[in-house]
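Working notes, beginning with the structure itself.
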Amino acid sequence: MKKNINFLDLGLQPLANNYIKKNQLINKEKKYRLKIGVNLKTKLVSINKPISSKIMFNNRYPYRSSKSKTMIESFKNLSILVNKKFKPNKILEIGSNDGSFIKNFSKKKVIGIEPCSNVEKITKKMGFNTYPKYWNYKTAKQLLKKNGKVNLIYSANTISHIKNLDEVFKSINIVLDDHGVFIIEDPSLLECLKKNTYDQFYNEHIYVFSLVGIESILNKYNFEVFHIENLKIHGGSNRYFIKKKQNKRKINLSVKIQRKKEIKYGITKLSTYRKFARRVKSSRKKLKNIFIKINSKNKKIIGYGATAKSTTILNYCKINNNLISYFVDTTKDKQNKYTPGTKIPIFKYSGLIEKNVDFIFLGAWNFKEEIFEKEKKFIKRGGKFIIHTPVPKII
Ligand code: TMP
């Protein structure tokens, strides 16, 4: 198989979700060189040196999908659609996190796989049939033995975190009924390139998928995409509806349209990625200048949403605790800790932005609408937001 051609170097980066406790501040953090490459044969875009899953997804994982109204609504709507369209009697979710999706189904119907045992405990406590396991061949065989085949598998923002895609699909093949449906939801490469959201790349996001990239893997395992939805979630995601080839379900026109859009934009050409890398460099310069200018006027900037994505931005642009006073975040496991690499304190979101705050850097830019709605008071008193996508600006 051809090798990746690197097109973007995001420098030395800490583990994106490794929020630092106060007593660990003096320790040297482990950093990893984050380079992004494209494989022109498979069209898959990925980071060059993935870190072991065990280091990233363990019993200290802080992310909770239930922390966003947008995500909860999206999962709820999908569960309604899934029940109506596919009428599944057994559902498996890979990467069930704290249960925002499986909660919409009867406990008898769903199985969840979640490798971060601190998060998996939450759903187990609620009485769901969940397992603290990574998605691999061994897990699939164990599941088959215990629960039999399933007719619907869903996985949001998880498959792109798994290095060995061959094993992912071989394992899906084992547990998915021949007439079953596999739904993958992940950030869209096309949107990432268009919106210059280079922060979609961090050590957990091993891949940022396009339809053409996904199809190159599916082909090997006798799967095909029969429908695709473009979602606003996470700044632009795709929901791929996949089936086994022997299943005669009709292929929706959306698949052809998406493939055309991606090819027209240049997803299969190296020059597209080289241009993207140049835009990313220029974005860094612009964003840093915005911070320096505001700082020189003695105005106060805080961050909103200490996201894994913002770890990439802050470390790449070298924006640290001299430029951002603190972050607010609703996730308990991030509060009273410090941002990886840049050591900016993270506080509990109290529901009110302090009066002396002039600017908010939107770490959770992917929930912009939800946050703007929540922060009407801040906006009304003249407060401004700093955002890096599609170009760094103050809004
Ligand atoms: P994500 O972009 O990786 O999903 O992370 C979003 C982070 O932003 C998560 O830590 C929760 C936080 N957040 C807030 O603090 N306030 C909000 O209103 C929203 C939507 C998210």
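Bear in mind these aren't lab numbers, they're just calculated from the coordinates by the rules spelled out. Everything numeric here is computed off the predicted structure, so don't read it as measured data. Please note: Cβ atoms are built from the backbone with ideal geometry, for glycine as well, and neighbour counts cover all protein chains shown.
With viscosity 0.692 mPa s and temperature 37 °C, the Kirkwood radius over alpha carbon pairs of region 343-395 converts through Stokes-Einstein to a diffusion coefficient of 275 µm²/s. A Gaussian network model of the chain, with springs between Cα atoms under 10 Å, assigns the largest mean-square fluctuation among 129, 23, 58 to 23. Across region 66-74, coupling constants 3J(HN,Hα) worked out from phi with the 6.51/-1.76/1.60 Karplus curve, θ = phi - 60°, read 6, 7, 10, 4, 4, 5, 4, 5, 4 Hz, and Gly and Pro carry x. So for the chain, taking the charge dipole from beta-carbon charges (+1 Lys/Arg, -1 Asp/Glu), which of 75, 143, 203 sits furthest toward the positive end? The listed residue farthest towards the positive side: 203. Each listed q (0.09 Å⁻¹) maps to a log10 I(q)/I(0) for the chain from the Debye sum over equal C-alpha point scatterers, namely -0.53.
For region 23-69, the alpha-carbon coordinates run over 46, 35, 19 Å along the three principal axes, in decreasing order.
Under a 5 Å amide H cut-off, with hydrogens placed 1.01 Å from N, residue 93 pairs with 111, 112, 113, 154 among residues at least 5 apart or on other chains. The coefficient of translational diffusion for region 243-320, derived via Stokes-Einstein from the alpha carbon Kirkwood radius under 20 °C and 1.002 mPa s, stands at 129 µm²/s. Taking 95, 383, 303 as the candidate residues, the one with maximal mean-square fluctuation in a Gaussian network model of the chain, Cα springs under 10 Å, is 383.
Footprinting exposure proxy ranking of 134, 304, fewest other C-beta atoms within 10 angstrom first, gives 134, 304. Taking Cα centre as origin and charging only the Cβ of basic (Lys, Arg, +1) and acidic (Asp, Glu, -1) residues, the dipole magnitude of region 41-267 rounds to 640 debye.
If the elastic network links every pair of Cα atoms under 10 Å, which of 356, 222, 289 fluctuates the most in the Gaussian network model of the chain? With Cα springs under 10 Å in the chain, the top fluctuation among 356, 222, 289 is at 356.
The phi torsions of region 20-29, fed into the Karplus equation with coefficients 6.51, -1.76 and 1.60 and a -60° offset, translate into couplings of 9, 7, 4, 6, 9, 4, 6, 6, 7, 7 Hz, rounded to whole numbers, with Gly and Pro shown as x.
Projected onto their three principal axes, the Cα atoms of region 41-267 cover extents of 48, 40, 33 Å, largest first.
For region 24-168, dividing the convex hull volume of the Cα atoms by the residue count gives 149 Å³ per residue. Using +1 at the C-beta of Lys and Arg and -1 at the C-beta of Asp and Glu, which of 159, 310, 270 has the Cα lying farthest in the positive direction of the dipole of the chain? Projecting each Cα onto the dipole axis, the largest value belongs to 270. Pairs with C-alpha atoms separated by more than 22 Å, drawn from the list 149/243; 87/250; 109/248; 348/374; 195/376, are 109/248; 195/376. Only helical runs count toward this figure. For the chain, summing -39,500 (n - 2.57) over DSSP H runs of n ≥ 4 and dividing by all residues gives -10000 deg cm²/dmol at 222 nm. The calculated pair-distance distribution of region 98-177 uses every alpha carbon pair, bins of 5 angstrom beginning at 0, and gives 3, 15, 27, 27, 21, 7, 1 percent. Spacing of the modelled spin labels on residue 126 and residue 58, each 7 Å from Cα toward Cβ, amounts to 2.6 nm.
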